[in-house]
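Undergrad: Mind having a look at this structure? Questions to follow.
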Amino acid sequence: MQVPKNSIYTVSRLNGEVRQLLEGQLGKIWLSGEISNFSAPASGHWYLTLKDSQSQIRCAMFKGRNGAVSFRPQNGQQVIVHGGISVYEPRGDYQLLLDAMLPAGDGLLAQQYEALKLKLASEGLFAATTKRPLPAHVQRIGVITSPTGAAIRDVLNVLKRRDPSLEVIIYPTAVQGTGADKEIIRAIELANQRLEVDVLLLTRGGGSLEDLWCFNSEALAHAIYNSALTVVSAVGHEVDTTIADYVADVRAPTPSAGAELLSQDQDYKRQRLSALLARLGQGWRHYRLSKAERLARLQARLDRQDPKRALERQMQRVDELALRLEAALERKLAHATLTLERLGARLSRQSPAQKLALARQRLGYLDNRLHDAMADGLADAKQRLAANAHRLESVSPLATLSRGYSITKDSEGRVLEQAQDGAVGELIHSRLRQGTLVSRIEAIDPEANSNG
């Protein structure tokens, strides 16, 4: 059978086209699993296997990306990673090139939050064009919250202070824990069935991401989006942002701010401006989100054509060869060690033990002679030392002092050799054989001799 020449693939060409196909179709994904076979060569890159109970996939995280990871990965650790599928062409293995890594316990909620936010944004639930305006004249407010929480007290206090004529209907729900989102959904549906209020205020106090998690429910997001009544979200503190905030018609930073937003007094125009600014901010966030999605798509296209990918694959190949070289050197060293041990065993079997015994005997004899010579030398040295000490003592200044002489020094410690070396009134110190005399010079007679 004649095979067209241009239809024959090389292995390199096949792997290259498979790599481009995988990178182009899947793009970037989030993946959870357990780390195994973690390796961090001197190059600074990370290589690991991510597995679950049934499957595994190889992963690589290059030096420029793993610097942003806040922890050191360990084998057996559960993590959530983000990256793109690729093919390591020299081996034909497909792998995940990582650009982010989070501990599973800390990062799961955040990852689920971001994934749901992107999904709902793509479905249009955050679009500014679907937002309902606040009613021009609010007379009755429906508050969906816990009847015993701090948020309802803040809301009621603000409404009483700003506009006591406003009526408030509370739809009591749980605002934390399992099933709280379902209770909130039922409250929204009940309010829409009764149509007894002009606007709904969904609120609770601040808390952690886990505490506010019921407000990140996809079902709750659709319930808010489908509500015929305008929904104001006032969940948490100003820094807290939930999915409910993005879907709601208006977002207030705190429960008190939500109550102020719905109560019209002499500051109505200011409140209206705040609402418009909030909508503007929300629209800006939606705009940024759409642009971020477009940027991500363009970045994925750029990554597929980026020559840096080829360089990273080469760096991975270098690391692989370095590991192979290291293993070969270890095997070579082990072989050399074994050979040395064998030669040592042969040498010990041919040891000149008799010569060694004679050498030890001679060494003992020489050691005895050395000891005797050292003893004789030490005795001679002691005798010489005693003689020298006697001669030294005979000329010692202390011996002179013992014969009745003294050594006189001035106040600065200089020895006085002549009478004129001292000064009238000066204190002088005379060293005797035992003790020292301190005296003051009354007169100086330079002519008197030592016998005077």
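The values are calculated or read from the model by the stated rules, or taken from the named source; none is laboratory data. The structure displayed is predicted, hence computed values, not measured ones. Note that we place each Cβ from the backbone using ideal geometry, even for glycine, and neighbour counts take in every protein chain shown. Calculation scope for accessible area: heavy atoms of the full protein, side chains included, ligands and nucleic acids excluded. Shrake-Rupley method; radii C 1.70, N 1.55, O 1.52, S 1.80 Å.
Undergrad: Filter region 17-44 down to residues that are surrounded by 15 or more Cβ atoms within 10 Å (Cβ to Cβ) and either in a strand (DSSP E or B) or modelled with pLDDT under 90 (or both), then give me how many there are.
TA: Looking only at that region, the number is 13.
Undergrad: Name, by its number, the condition in (1) under 24 Å from Lys119 (Cβ atoms); (2) free of Cβ contacts under 8 Å to residues at least 40 places away in the same chain; (3) surrounded by fewer than 14 Cβ atoms within 10 Å (Cβ to Cβ) that does not hold for Thr242.
TA: Unmet for Thr242, out of (1) under 24 Å from Lys119 (Cβ atoms); (2) free of Cβ contacts under 8 Å to residues at least 40 places away in the same chain; (3) surrounded by fewer than 14 Cβ atoms within 10 Å (Cβ to Cβ): (3).
Undergrad: While we're looking at this one, here's another question. Could you identify the single residue in Ala292, Ala336 that is modelled with pLDDT of 80 or more, within 30 Å of Thr242 (Cα to Cα) and either under 43 Å from the mean Cα position of the chain (by Cα) or exposed (fewer than 10 other Cβ atoms within 10 Å of the Cβ) (or both)?
TA: None of the others qualify; the one that does is Ala292.
Undergrad: Would you confirm, using the coordinates I've provided, whether Glu210 is among the acidic types (Asp, Glu), surrounded by fewer than 15 Cβ atoms within 10 Å (Cβ to Cβ) and more than 23 Å from Pro133 (Cβ to Cβ)?
TA: yes
Undergrad: Residues that are polar (S, T, N, Q) and either within 42 Å of the chain's Cα centre (by Cα) or within 30 Å of Ala60 (Cα to Cα) (or both): does region 343-357 have at least one?
TA: The answer is no; no qualifying residue exists.
Undergrad: Restricting the search to region 84-97, which residues are touching a Phe, Trp or Tyr at 6+ places or on another chain (Cβ under 9 Å) and either in contact (Cβ under 8 Å) with a residue 40 or more places away in the chain or of a type in the set (Gly, Ala, Ser) (or both)?
TA: The answer is Ile85, Ser86, Val87, Tyr88, Tyr94, Leu97.
Undergrad: Among the residues of region 40-68, write down those that are of a type in the set (A, V, I, L, M, F, W, C), within 12 Å of Glu312 (Cα to Cα) and out of contact with any helix residue (DSSP H, G or I) (no Cβ under 9 Å at 6 or more places or on another chain).
TA: Met61 - this is the single residue of region 40-68 that is of a type in the set (A, V, I, L, M, F, W, C), within 12 Å of Glu312 (Cα to Cα) and out of contact with any helix residue (DSSP H, G or I) (no Cβ under 9 Å at 6 or more places or on another chain).
Undergrad: Considering only region 194-230, state which residues are within 20 Å of Leu156 (Cα to Cα), without any contact (Cβ under 8 Å) to a residue 60 or more places away in the chain and either touching a Ser or Thr at 6+ places or on another chain (Cβ under 6 Å) or of a type in the set (A, V, I, L, M) (or both).
TA: Selection gives Val197, Leu200, Leu202, Arg204.
Undergrad: Now, a different point. Looking at region 132-151 only, could you name the residues that are within 14 Å of Leu166 (Cβ to Cβ) and open to solvent by 50 Å² or more (accessible area, probe 1.4 Å)?
TA: The answer is His137, Gln139, Arg140.
Undergrad: Sticking with this structure for a sec: In region 176-205, which residue that is open to solvent by 50 Å² or more (accessible area, probe 1.4 Å) and of a type in the set (A, V, I, L, M) is nearest to Glu260 (Cα to Cα)?
TA: Leu195
Undergrad: Next up: Within region 1-16, how many residues turn out to be surrounded by 13 or more Cβ atoms within 10 Å (Cβ to Cβ) and modelled with pLDDT under 65?
TA: The number of residues fulfilling the criteria is 2.
Undergrad: Still on this structure, I have one more. Quick check on Ser233: is it surrounded by 23 or more Cβ atoms within 10 Å (Cβ to Cβ) and more than 31 Å from the chain's Cα centre (by Cα)?
TA: So Ser233 passes the test.
Undergrad: Among (1) under 25 Å from Arg309 (Cβ atoms); (2) touching a strand residue (DSSP E or B) at 6+ places or on another chain (Cβ under 7 Å), which single condition is Pro103 missing?
TA: Of the numbered conditions (1) under 25 Å from Arg309 (Cβ atoms); (2) touching a strand residue (DSSP E or B) at 6+ places or on another chain (Cβ under 7 Å), the odd one out for Pro103 is (1).
Undergrad: Can you find even one residue in region 71-85 that is charged (D, E, K, R) and closer than 21 Å to Gln299 by Cα?
TA: Checking region 71-85: not a single residue is charged (D, E, K, R) and closer than 21 Å to Gln299 by Cα.
Undergrad: Which one is nearest to His286 (Cα to Cα), of the residues in region 136-148 that are in contact with a helix residue (DSSP H, G or I) (Cβ under 9 Å, 6 or more places away or on another chain) and assigned to a loop (DSSP other than H, G, I, E, B)?
TA: Only one residue tops the list, namely Val138.
Undergrad: Identify all residues within region 318-354 that are of a type in the set (Val, Ile, Thr) and in contact (Cβ under 8 Å) with a residue 12 or more places away in the chain; write none if there are none.
TA: Val318
Undergrad: Condition first: over 15 Å from Gly64 (Cβ atoms) and open to solvent by 50 Å² or more (accessible area, probe 1.4 Å). Now tell me which residues in region 295-313 satisfy that.
TA: Selection gives Leu295, Ala296, Arg297, Leu298, Arg301, Leu302, Arg304, Gln305.
Undergrad: So, Ala68, is that one under 20 Å from Ala300 (Cα atoms) and open to solvent by 80 Å² or more (accessible area, probe 1.4 Å) or not?
TA: So Ala68 fits the description; yes.
Undergrad: Among the residues that make up region 246-257, is at least one of them in contact with a Pro (Cβ under 8 Å, 6 or more places away or on another chain) and either β-branched (Val, Ile, Thr) or within 20 Å of Tyr113 (Cα to Cα) (or both)?
TA: The answer is yes; a qualifying residue exists.
Undergrad: In contact with a Ser or Thr (Cβ under 8 Å, 6 or more places away or on another chain), open to solvent by 80 Å² or more (accessible area, probe 1.4 Å) and not hydrophobic (A, V, I, L, M, F, W, C): is that true of Arg431 in this structure?
TA: So Arg431 passes the test.
Undergrad: Next up: Mind telling me which of the residues Gln112, Gln56, Gln77 ends up being open to solvent by 10 Å² or more (accessible area, probe 1.4 Å), touching a Leu at 6+ places or on another chain (Cβ under 7 Å) and polar (S, T, N, Q)?
TA: Gln56
Undergrad: Of the residues Tyr47, Tyr94, only one is assigned to a strand (DSSP E or B) and open to solvent by 90 Å² or more (accessible area, probe 1.4 Å); which?
TA: Tyr94
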